[in-house]
Every structure is written in C-alpha cells, then in structure tokens.
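**Q** My structure is below; once you've seen it, I'll send some questions.
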Amino acid sequence: MSISQDQVVSIRYTLKDDAGGVIDTSGDGAPLTYLHGHGNLIPGLERELAGKGVGDKVQVKIAPADGYGEHDAALVQRVPRRALKGVPNVRVGMRLHAQTEQGPRAVTVTQVTGDMVTLDGNHPLAGQNLNFEVEVTEVRSATAEELSHGHVHGPGGHDH
C-alpha cells in the first residue's frame, strides 16, 4: 500500500539544519504517526512522502515556503516589560501566548534589553531549510472516526 490521501502513516525521522545539526528526531521511541493529506505535517514533507510505501527511505530538503514559512519581520515586536505583567522572570527562549488581531499566537522571547522585551511570533524554524531523513514503517487505511476528526487515534497517535 502506498501513501495517499486519508491513510494513516507511521514514519521514523531525523530533521537536521543545513549545518547538519539535529533539530528533532523520532529516535528509538515510537514512530510518528499521522493522517496523510490533512495538514498534520508540513506541506513539503507530505508531498515528498506521497506514493511511498513501507520500507521506503527518503532524504529530502524542504525549503521554508513548504515548511514553516519565511521569516516575517512584521511578527517581531518590542514591548515594554510591563506589558508582560504576570510573567515572572522574563528570559530569552521563553515561549508565551500573546493575543493578536489574528487571535492567539505563540511567541518566543528573543531579547531582553533593559525594560524592553523582543517577542518573535514566527515559528522557531521559519526561514530555515529542513533536511529530513525519513523511513516509512507503516501505512494503513484510516478509520471513519479518524477521518471525521482529521487526525490519528490510538497507539502512536492522538487520543482526542
């Protein structure tokens, strides 16, 4: 069975940056299981996996436009520390949730200078090439419930 729309796919993967540093990996634990064609993976990786089958290994470089997007300077803003009242010990690397005109957005504290804090609403991997090494370990048809929910249920999946 090859990977196509509405199939449950399990993969083992390693994600590296352009310098070869490991960003993320499924490691020796359970593989990542997702519902193909429902936006559960970045678009470029889903496209590269389409048509593959169990045992297939893929090495692919995904450009930012097909990954987490280009870095958008408009999503970076400096705010006075007092705007973050209720957040103790504001420090670089903290992930916070901010209310924006587009609704809630995850932001990262990227700089603290005096009374000013720089918040970045870009995904941490925005603007980066994503270098994946992937092995397909399982492909099966999704259940009706998984299709109606838009994600995988059960082992290695999502229990909502």
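**Q** How big is the equivalent ellipsoid of the chain along its three axes, where each semi-axis is √(5λ) from the Cα gyration tensor, reported in whole Å from largest to smallest?
**A** Three semi-axes, in Å: 35, 18, 14.
**Q** Sort 130-136, 120-126 for me by packing, meaning the mean count of neighbouring Cβ atoms within 10 Å per residue, highest on top. Don't skip to the answer; put the middle values down first.
**A** Values: 130-136: 19.9, 120-126: 17.7.
Result, highest mean first: 130-136, 120-126.
**Q** For region 94-152, compute the orientation-averaged projected area of the C-alpha convex hull (one quarter of its surface), in nm².
**A** 7.6 nm²
**Q** Turning to a different aspect of this structure: Based on DSSP H runs of at least 4 residues, each adding -39500 (n - 2.57), what is the mean residue ellipticity at 222 nm of the chain after dividing by all its residues, to the nearest 500 deg cm²/dmol? Walk me through the numbers before you get to the answer.
**A** Numbers: 2 runs with 13 residues, N = 160.
About -2000 deg cm²/dmol.
**Q** What is the sum of charges around residue 132, taking Lys and Arg as +1, Asp and Glu as -1, for the other residues whose C-beta is under 10 Å from the C-beta of residue 132?
**A** Result for the local shell: -1.
**Q** Tell me, what HN-Hα J-couplings in whole Hz come from the Karplus equation 6.51 cos²θ - 1.76 cosθ + 1.60 at θ = phi - 60° for each residue of region 25-35, using x for Gly and Pro?
**A** Values per residue, Gly and Pro as x: 7, 6, x, 8, x, 5, x, 7, 10, 9, 9 Hz.
**Q** Something else now. Tell me which residues come under 5 Å, amide H to amide H, from residue 24 once H is placed; ignore anything under 5 positions away on its chain.
**A** Residues meeting the criterion, in which the H sits 1.01 Å from N, are 15.
**Q** A further question follows. With a cap of 15 neighbouring Cβ atoms within 10 Å, and only residues DSSP puts in a loop, list the GluC sites (Glu not before Pro) found in region 40-103.
**A** On the way: sites: 46, 48, 70, 101; in loops: 70, 101.
Listed in order of number, the matching sites are 70, 101.
**Q** Under a Cβ-Cβ cut-off of 11 Å, what is the net charge of the residues other than residue 78 that fall near it, where Lys and Arg count +1 and Asp and Glu count -1?
**A** Once positives and negatives cancel, what remains is -1.
**Q** Could you give me the ³J(HN,Hα) list for region 49-54, computed from phi with Karplus coefficients 6.51, -1.76, 1.60 and θ = phi - 60°, whole Hz, x at Gly and Pro?
**A** Those phi angles translate into 7, 4, x, 7, x, 4 Hz.
**Q** Right, next: Under a 5 Å amide H to amide H cut-off, with H placed in plane at 1.01 Å, what residues pair with residue 152 once short-range neighbours are removed?
**A** 35, 158
**Q** Using amide H atoms built in the peptide plane, which far-off residues or other-chain residues are under 5 Å from residue 143 H to H?
**A** none
**Q** Mind giving me the FRET efficiency for residue 58 and residue 82? R0 is 41 Å, r the Cβ-Cβ distance, nearest 0.05 is fine.
**A** Rounded to the nearest 0.05, the efficiency is 0.25.
**Q** Let me ask another. Which net charge results when you count Lys and Arg as +1 and Asp and Glu as -1 among the other residues whose beta-carbon is under 9 Å from that of residue 37?
**A** Summing Lys/Arg as +1 and Asp/Glu as -1 gives -2.
**Q** Something else: Over the Cα atoms of region 73-120, each weighted equally, I'd like the Debye log10 I(q)/I(0) at q = 0.17, 0.23 Å⁻¹, rounded to two decimals.
**A** Scattering profile of region 73-120, log10 relative to I(0): -0.44, -0.81.
Here, each number is a calculation from the coordinates, and none is a lab measurement. What you are looking at is a predicted structure, and each value in this text was computed from that prediction instead of being measured. Note: ideal-geometry Cβ built from the backbone for every residue, glycine included; neighbour counts use all protein chains shown.
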